[in-house]
1. Filter segment 514-529 down to residues that are open to solvent by less than 60 Å² (accessible area, probe 1.4 Å) and assigned to a strand (DSSP E or B) and give me whichever is nearest to T464 (Cα to Cα).
2. In segment 17-65, how many residues are over 15 Å from Q177 (Cα atoms), in contact (Cβ under 8 Å) with a residue 40 or more places away in the chain, of a type in the set (V, I, T) and part of a helix (DSSP H, G or I)?
3. Which one of these is within 14 Å of the chain's Cα centre (by Cα) and over 22 Å from K571 (Cβ atoms): R417, R387?
4. Taking the conditions exactly as written (under 18 Å from P505 (Cα atoms) and either open to solvent by 10 Å² or more (accessible area, probe 1.4 Å) or not hydrophobic (A, V, I, L, M, F, W, C) (or both)), does G423 satisfy them or not?
5. Can you say whether I318 is within 25 Å of S160 (Cβ to Cβ) and open to solvent by less than 20 Å² (accessible area, probe 1.4 Å), as far as the supplied structure shows?
6. Looking for something of a type in the set (D, E, K, R), over 27 Å from the mean Cα position of the chain (by Cα) and over 16 Å from N479 (Cα atoms) - is there at least one such residue anywhere in segment 504-513?
7. Residue check, Y156 against (1) in a loop (DSSP other than H, G, I, E, B); (2) under 22 Å from D314 (Cβ atoms), all met but one. Which one?
8. Looking only at segment 426-451, which residues are without any contact (Cβ under 8 Å) to a residue 60 or more places away in the chain, surrounded by 24 or more Cβ atoms within 10 Å (Cβ to Cβ) and either closer than 22 Å to V550 by Cα or over 18 Å from the mean Cα position of the chain (by Cα) (or both)?
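The values are calculated or read from the model by the stated rules, or taken from the named source; none is laboratory data. Just so it is clear, the model here is predicted, and its values are computed rather than measured. Cβ placement follows ideal geometry from the backbone for every residue including glycine, while neighbour counts extend to all protein chains displayed. These area figures cover heavy atoms from the full protein model, side chains too; ligands, DNA and RNA do not enter into them. Shrake-Rupley method; radii C 1.70, N 1.55, O 1.52, S 1.80 Å.
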Amino acid sequence: MTQNEFPDRTGTTLNGAQIIWESLVREGVKVIFGYPGGAIMPAYDAMIQYPIHHVLTRHEQGAAHMADGYARASGEVGVCIATSGPGATNLVTGLATAMLDSIPFVAITGQVPSHLIGTDAFQETDVTGVTLPVTKHNYLVDRAEDIADTIREAFYIARSGRPGPVLVDITKDAQQQSCTFEWNTDPIELPGYRPEYNPMDADLDEAARMIRDAKRPILFAGQGVVMSGASDVFRQFVEKTDIPAACTLLGLGGFPATHPRNLGMMGMHGESWVNSAIQDADLIIAVGMRFDDRVTGNLATYARKARKIHIELDPAEINKNVRVELPIVGDAKDVLSRLLPRVEKAERPEWLAHIDEMRGDSAVRDIKDMPDHGKLYAAHVIHDLYRYTEGKALVVTDVGQHQMWEAQYYKHDYPRRLVTSGGLGTMGFALPAAIGAKFACPDENVWVVVGDGGFQMTMTELTTCLQEGIKVNVAIINNGYLGMVRQWQQFFYGGRYVSTPMVSPNFVMLAEACGAKGIRVDKRDDVEAAVRAAQAHPGTCVVEFVVEQVDAVYPMVPAGADLGDMIRREKPGQHNPIYETGKDD
């Protein structure tokens, strides 16, 4: 039975468990990720009556990341489901990950019967209390009559305004009660909730004047460009104004990486010429971003020469970290579409030549351009992965050094083709998020890029791939360390590598035990064959790339340092310029 063939049961008597699925069908849900248990069993029992595919995960955290990955790749609301107590609390990391990155998904949890709430009943946890700081909103529902309206509100809140995760906790007795099912189609209005803003014409005119008068302007593309679907109008804006554009980590793909005006990623591990250009700019136009500390470095010295325009959907982000001269609150696509006719066509040869000069100095430090002497470096692996997938893969990364190398060396030309945990920096995110992304985009060539540490946090989800018969390709960048922590120990803790060397299982044998193909590569000459073999294999494939243990992500702005104060890779024949700041905040 498809969703279009599903009968309309409005006005009939259903139990609460059935109403959960009736509501999800009406919200367009096609797949849900979850793990059953006692307090959610009525809902699971009713599930078989409905045209929604359930993916049995190996851990509830995996379910939350899958819903997250589904939402990031598709632009739709992801959904996960779990039982009460440990089932619900296992979702918390996934909820917090989505909250920091403004990802819309709805988590449904079972709760103990309402008469047992507060008695420390078996598997009882105050999950609405636990998740209050890491959700956009949450609900406790203890009547079947309230389930449909609550789920409708939850989806509305998750996807409207600045998106975010919403949790709906439903007691077991509410799932078992019966009532007449009604589905309200009236527009939702919630007191105190204002998700949409209409920017004033006067502010748009002022922005156009500031852009006209600027000599060294720079544009920022944040995740808001991706999520609002503003990529095309952003590109038109760049081309009309001739303003170079930099991207945040989550903004990568919002503006084509191969566009001649794309500078690349900014911030702690951003390109050095980008950070230098920001410090030299006289105008910043930031679109859909929140000036995270990983982007700004020392706020006291951040872009002091520049006036700033901040286009942002969430008014709470305005002046939170960086004071701006002109805030414009609104959807990025809407604002840019209205601003574009107001700006003048321009050319900026002197400013662009200045940036190109800085870019040239960086090129000679790029490990990609240096001889490898027979060694396999992670940056080479990522660059080769970009080449042999022709830049068309949907890449899901974990968190650590490999994540930054991916951001630097895999050039994303399309939105929603990089899925990564930005704000929370959640290790263990990649594999389950990739499974969610594969369900969202079944025809895409999905690659997981993950470190040996992060992979071991959620590698049990390999058997989810086996059970579902889906294909993702996993590139484990194995350097035998918790690499990013090791890098900080190298730079800021005198090279005392405390608890960062990591022993791993035989990943090839592990993959084969989980029904996947396993390949090990330790020479660069073998990278191409491994990538092609993985892509040709019909099922999930795990490729372990054994890379140099001691390597660092360059450039690096030490935490709290000035944005232009970067640790850079030495030039050929140059002494390593690494210095110790003693700062790790």
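1. G518
2. Result for segment 17-65: 0.
3. R417
4. Judged against the criteria, G423 is not a match.
5. Details: within 25 Å of S160 (Cβ to Cβ): yes; open to solvent by less than 20 Å² (accessible area, probe 1.4 Å): no.
No, not satisfied.
6. Yes, some residue in segment 504-513 is of a type in the set (D, E, K, R), over 27 Å from the mean Cα position of the chain (by Cα) and over 16 Å from N479 (Cα atoms).
7. Only one criterion is unmet by Y156, namely (1).
8. V450, G451
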